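The values are calculated or read from the model by the stated rules, or taken from the named source; none is laboratory data. Keep in mind that this is a model prediction, so the values were computed, not measured. Counting neighbours? That spans all protein chains shown, and the Cβs are built from the backbone with ideal geometry, glycine included.
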Amino acid sequence: MGVPDVSSGAGRPGSARLRSELKRYPSLAAGGFLAAVVVIVAIAGHIAPPHNPLAINPGHALEPPGPGHWFGTDQFGRDVFSRVLAGTGTDVVIGLVVAALAFAVGSAAGLVPGYLGGWIDDIVMRVADIVMSFPPFLLALSIAVVIGNTVGNVIIAVTIAYVPYIVRLTRGSVLTARGSDYVLGARAVGASTPRVMTLHVLPNAAGPSMVQATLMAGWAILDVSGLSFLGAGIQPPSPELGVQVAQGASYITSGQWWVSVFPGVAIILAVLAFNFLGDYADDKLRGQGG
Amino acid sequence: MPGLRIEGLCISIGDRDVVRAVDLHVAPGACAGLAGGSGSGKSLTALASLGLLPRPARVRAGRILLDGGETVAPDRDRTARVRGSGIAMIFQSPRAALNPVLRVGHQVERVLRRKGRRGDLRQRCVELLGTVGLLEPDQAARLYPHELSGGMCQRVLIAMGIASEPRILIADEPTTALDVTVQADILDLLDDLRARTGMGMLLISHDMSVVAERCESISVMRQGAIVEAGTTRAVIDSPRHPFTAELVRDLTHPPGTGHEAGG
Amino acid sequence: MKPLIEVRGLRKDYRRGGDVLHAVDGVDLALMPGESVGVIGESGSGKSTLARCITRLERPTSGVVFFRGTDVTGLSDRDLRWFRRQVQPVFQDPLTALNPRWTVGRLIAEPLKIHGERGAERRVGEVLRDVGLASELMTRRPRDLSGGERQRVAIARAIVLRPSVLVLDEPTASVDMTVRRALLALLKRLQSEHDLAYLYISHDLRTVGETCSRTIVMCRGRLAEQGPTAAVLNSPRHVYTQILVSAIPRVGGATPRGGRLRARPLPWQGTSPDSGCVFAGRCPRALPECAADPPVVEVTPGHRAACVLAGRR
């Protein structure tokens, strides 16, 4: 009963499917475009920056944007454009790493308690509740201050703050999937519990947490640059975007806006790209839900 | 000409006809049956009668008349509804058709209000729930759909359907998801309502025995077209189309359930 | 000949808040090799719970389930691996019973993989042919198939390990009448070709009448009646069975309206009785004796009904 499905695009050539996908999901178009820009920028920043991001050139300090320095120079004469390129790369990589780690750890920590229930579930959820009772940024800040501010530690600090959200999302989906007939069906043919969990439950439960992880890549960029801005994250002279914003902050009032603003805009664009991609992931997930 | 009359109905999706040249007549007080498998177009035909065709589908040709007045024609606004007491419809999966967060009495009252009924809605709602066979209808009205069985939910939906005192009721697989005893009860209820209100009914089902038991005339649909139509007796006793013959073959009670009419 | 499956005194309780629901309340059953036994009753009678206890997807609260003489009642999933090769369920709705993200090929191959069987691809092709599906369907997903094809995939998956028992829970409920006959024919053929025993759960009496040699009738977790299908459906002795049978649609509607036997409707605050006949509250022919546990009357050899009225006529 009902109208036959004329909308599925299975069987058409790849380029046609991509085009129709882009038309159906504007979020993919927007996010994809931005993300592409960001990635190209990041790669370019590593391979061939116009100037060395770390090269100090006191004679050319605080020059406004112009032909030689498209984004101007900072107080040490460093080319802001090259620094923004490099910093974007750093931040995007950190964001992706945090998202991937949070997704991996969170999914595992949500799958096992969700499927098995009992005391494991109680303990894990209470721990997650405790961690979630702190605002993520403050929690990451406290951890970073305690364990030190190398790049690795910053990643750890932010990941710890994010993991419980993934745990909770995964667990919710697992609870739903656990009662499905296909789980019964898998048990009925003799599948062991680990097999049921990893091959049947997890793939069908991972959707919402994948969407969340995509968004988290963007938020991680914000959090990491925020930590660095406060001095608790990445340290100068590393050209991380938050560090750059911090270093240029005091010059805004005296009119040298470019030192802070360009890195700031880069942060916005990177976060926006991941927000759009997360939207697309969400749209896709809901579309498949029917 | 009184009753529901569907003439030459063609429904298309894109440039493909999914329902072709369908003619149906439901006289007042009569029960007409429409039998066919899934994908035969029977549900689309029903939805078209209420102007409820889902988006890509549209009426390409033909017309639908209620008591001589045209209700649906091609190029007409798809959302044109039959005004006043016209056609009502009930569907399969009754629990899914009810709002799970509202009490059933509330949902019946909403229908009453939307149909322009004034006065004591509560009273009328309880009356309706009693008419459809719910015990202690005032208590029943306070329940939520999940507290009711499938059969009871279907009764509530029938109450909502007859709230507008329709002249035609279309029942699309009304008992498919239900137990055999509940099915018989619901079909008895529908027959009873027909006798009382003079309402005509179009009973749609893939189960030929349901249609054969309750309807005076049967139309058999397959792949968008009517392949056979006639009185129940004629269609059952001497089916002309091979598809009908198949369906009728299923009716021959196998050893173990042999009950012939008049037993 | 020894029964493949033997069930004695099976009970399964569920706790809801403070209440206990006796979904299965003392059922005995035996299934012989190659036999088809039907289980009928309204929704809520406990048929599906019985099926899940027999396939050991649930652990019975009490009672025993024997397979080929071995007590499988309390075994863990790990210890039941050999049992699962022999006793397979087929669920009502293949759309939810098959992992939506897997292809047909992968779904059917999974049991082979789990039990370490070689030659999976060949066997999957074999089984697909056996159930009448084209091998091209191996790369498709369940949602791309029709209802009938999906159920065939579910059946294929169930027989791929060459079991001896299939427990089918409403296998034709989610398909059209037009597809039903083909599926039933398939099940019949598979049964004789592979010497399968079927436990066939359905609320559709006509299907059970066509396919099963013996039938048991469940009412609120208990056995109301059992016996040869023809006897149970043609001359039912328990009032509940009579009500079920009289509700079957009859062609031509010649049966007078008042002629159908009906159950009394349940009041809103109903509770199941602790003793006596479980159906007494709704029985149109209930007698004072029904407050005591009903006797099991052997109407004819093999045909038993738990009703005080069973012996009288």
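Every residue, every condition in (1) more than 14 Å from the chain's Cα centre (by Cα); (2) touching a residue at least 12 places away in the same chain (Cβ under 8 Å); (3) outside any helix (DSSP H, G or I), yes or no:
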| position | (1), (2), (3) |
| --- | --- |
| A:G218 | no, yes, no |
| A:V224 | no, yes, no |
| A:F229 | yes, yes, no |
| A:A232 | yes, yes, yes |
| A:Q235 | yes, yes, yes |
| A:P239 | yes, yes, yes |
| A:G242 | yes, yes, no |
| A:A246 | yes, yes, no |
| A:Y251 | yes, yes, no |
Fill in: Residue that is more than 14 Å from every other protein chain (Cβ to nearest Cβ), within 16 Å of the chain's Cα centre (by Cα) and without any contact (Cβ under 8 Å) to a residue 24 or more places away in the chain, where the choices are A:I156, A:I147
A:I156
Worksheet item: Among the residues of the stretch C:1-25, which ones are within 22 Å of C:T70 (Cβ to Cβ) and in contact with a Lys or Arg (Cβ under 7 Å, 6 or more places away or on another chain)?
Response: C:L4, C:V24
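Is it true that C:R157 is more than 14 Å from chain B (Cβ to nearest Cβ), buried (at least 21 other Cβ atoms within 10 Å of the Cβ) and part of a loop (DSSP other than H, G, I, E, B)? Break it down stepwise before answering.
On the way: more than 14 Å from chain B (Cβ to nearest Cβ): yes; buried (at least 21 other Cβ atoms within 10 Å of the Cβ): yes; part of a loop (DSSP other than H, G, I, E, B): no.
Taking the combined requirement at face value, the residue does not satisfy it.
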Discussion item. Given the condition surrounded by 18 or more Cβ atoms within 10 Å (Cβ to Cβ), out of contact with any strand residue (DSSP E or B) (no Cβ under 8 Å at 6 or more places or on another chain), facing chain C (nearest Cβ under 9 Å) and closer than 30 Å to C:D176 by Cα, answer yes or no: does some residue in the stretch B:136-147 qualify?
Written reply: no
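Within the stretch B:188-210, track down each residue that is surrounded by 22 or more Cβ atoms within 10 Å (Cβ to Cβ) and facing another protein chain (nearest Cβ under 9 Å). Talk me through it step by step, then tell me what you get.
At the first step, the residues of the stretch B:188-210 found to be surrounded by 22 or more Cβ atoms within 10 Å (Cβ to Cβ) are B:190, B:199-208, B:210.
Within the stretch B:188-210, B:S205, B:H206, B:D207, B:M208, B:V210 qualify.
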Discussion item. Quick check on my filter: what residues within the stretch C:125-140 are within 14 Å of chain A (Cβ to nearest Cβ), surrounded by fewer than 18 Cβ atoms within 10 Å (Cβ to Cβ) and either within 26 Å of the chain's Cα centre (by Cα) or among the basic types (K, R) (or both)?
Written reply: C:R140
Practice prompt. Out of C:G259, C:G270, report the one residue that is at pLDDT below 70 and under 19 Å from C:M218 (Cβ atoms).
Written response: C:G270
Worksheet item: Identify, please: which residue in the stretch B:24-40 is assigned to a loop (DSSP other than H, G, I, E, B) and surrounded by fewer than 24 Cβ atoms within 10 Å (Cβ to Cβ) and is, among those, farthest from the other protein chains (Cβ to nearest Cβ)?
Response: B:P28
Practice prompt. Considering each residue of the stretch B:119-154, count those that are part of a loop (DSSP other than H, G, I, E, B) and not small (G, A, S), and give that number.
Written response: 9
Discussion item. Need the failing condition index for C:T215 against (1) buried (at least 24 other Cβ atoms within 10 Å of the Cβ); (2) under 14 Å from the mean Cα position of the chain (by Cα); (3) farther than 24 Å from B:R249 by Cβ, just the number.
Written reply: (3)
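Take the residues in the stretch A:44-83 that are assigned to a loop (DSSP other than H, G, I, E, B) and among the polar types (S, T, N, Q); name whichever of them is nearest to A:G264 (Cα to Cα).
If we filter the stretch A:44-83 for residues that are assigned to a loop (DSSP other than H, G, I, E, B), which is where we start, we get A:48-57, A:61-72, A:74-78.
Imposing the further condition that a residue be among the polar types (S, T, N, Q) reduces the set to A:52, A:57, A:75.
Working: A:N52: 20, A:N57: 23, A:Q75: 17 Å.
Per the stated criteria, the residue is A:Q75.
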Discussion item. Every residue in the stretch B:41-63 that is more than 22 Å from B:T176 (Cβ to Cβ) and in a loop (DSSP other than H, G, I, E, B), please.
Written reply: B:G51, B:R55, B:P56
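Taking C:R15 as the residue in question, decide whether it is in a strand (DSSP E or B), out of contact with any Ser or Thr (no Cβ under 8 Å at 6 or more places or on another chain) and without any contact (Cβ under 8 Å) to a residue 24 or more places away in the chain.
Values: in a strand (DSSP E or B): yes; out of contact with any Ser or Thr (no Cβ under 8 Å at 6 or more places or on another chain): yes; without any contact (Cβ under 8 Å) to a residue 24 or more places away in the chain: yes.
So C:R15 passes the test.
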Practice prompt. Of the numbered conditions (1) over 14 Å from the mean Cα position of the chain (by Cα); (2) modelled with pLDDT under 90; (3) surrounded by fewer than 21 Cβ atoms within 10 Å (Cβ to Cβ), B:A225 fails exactly one; give the number of that condition.
Written response: (2)
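For (1) on the phi < 0 side of the Ramachandran plot; (2) part of a helix (DSSP H, G or I); (3) surrounded by 14 or more Cβ atoms within 10 Å (Cβ to Cβ); (4) hydroxyl-bearing (S, T, Y), each residue gets a yes or a no:
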{"residue": "A:A104", "(1), (2), (3), (4)": "yes, yes, yes, no"}
{"residue": "A:S107", "(1), (2), (3), (4)": "yes, yes, yes, yes"}
{"residue": "A:Y115", "(1), (2), (3), (4)": "yes, yes, yes, yes"}
{"residue": "A:D121", "(1), (2), (3), (4)": "yes, yes, yes, no"}
{"residue": "A:R126", "(1), (2), (3), (4)": "yes, yes, no, no"}
{"residue": "A:D129", "(1), (2), (3), (4)": "yes, yes, no, no"}
{"residue": "A:F137", "(1), (2), (3), (4)": "yes, yes, yes, no"}
{"residue": "A:S142", "(1), (2), (3), (4)": "yes, yes, yes, yes"}
Worksheet item: Residues of the stretch A:54-78 being surrounded by fewer than 17 Cβ atoms within 10 Å (Cβ to Cβ), within 30 Å of the chain's Cα centre (by Cα) and either of a type in the set (K, R) or within 15 Å of A:S238 (Cα to Cα) (or both), which ones?
Response: A:L54, A:A55
Worksheet entry | Residue list for the stretch C:58-92, restricted to those being crowded, with 18+ Cβ neighbours inside 10 Å, within 8 Å of chain A (Cβ to nearest Cβ) and part of a loop (DSSP other than H, G, I, E, B) | C:L80, C:F91
Discussion item. Condition first: of a type in the set (D, E, K, R), within 12 Å of chain B (Cβ to nearest Cβ) and assigned to a loop (DSSP other than H, G, I, E, B). Now tell me which residues in the stretch C:173-201 satisfy that.
Written reply: C:D176
Worksheet item: Going by the structure shown, is B:D179 modelled with pLDDT of 90 or more, within 8 Å of another protein chain (Cβ to nearest Cβ) and out of contact with any strand residue (DSSP E or B) (no Cβ under 6 Å at 6 or more places or on another chain)?
Response: no
Worksheet, complete the sentence: Checked the stretch B:164-185 for anything in contact with a Leu (Cβ under 8 Å, 6 or more places away or on another chain) and either buried (at least 24 other Cβ atoms within 10 Å of the Cβ) or over 24 Å from B:G86 (Cβ atoms) (or both); matches are B:I168, B:L169, B:I170, B:A171, B:P174, B:T175, B:V180, B:T181
Worksheet item: What single numbered condition from (1) of a type in the set (K, R); (2) under 25 Å from the mean Cα position of the chain (by Cα); (3) at the interface with chain A (Cβ under 10 Å from one of its Cβ atoms) fails to hold for C:R162?
Response: (3)
Discussion item. Being touching a residue at least 60 places away in the same chain (Cβ under 8 Å) and within 11 Å of chain C (Cβ to nearest Cβ) narrows it down to one residue among B:E246, B:E216; which is it?
Written reply: B:E216
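Taking the stretch C:109-124 as the search range and keeping residues that are at the interface with another protein chain (Cβ under 10 Å from one of its Cβ atoms) and more than 13 Å from C:R162 (Cβ to Cβ), which one is surrounded by the fewest Cβ atoms within 10 Å (Cβ to Cβ)? Lay out the reasoning, then the answer.
Step one: filter the stretch C:109-124 for residues at the interface with another protein chain (Cβ under 10 Å from one of its Cβ atoms), giving C:110-115.
Checking which are more than 13 Å from C:R162 (Cβ to Cβ) leaves us with C:110, C:113-114.
Working: C:E110: 24, C:K113: 13, C:I114: 18.
The extreme case among them is C:K113.
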Practice prompt. Of the numbered conditions (1) touching a residue at least 12 places away in the same chain (Cβ under 8 Å); (2) crowded, with 24+ Cβ neighbours inside 10 Å; (3) in a helix (DSSP H, G or I), A:G185 fails exactly one; give the number of that condition.
Written response: (1)
Item to complete: Find the residue count for the stretch B:7-31, including only residues that are modelled with pLDDT of 90 or more and on the phi > 0 side of the Ramachandran plot.
Response: 3
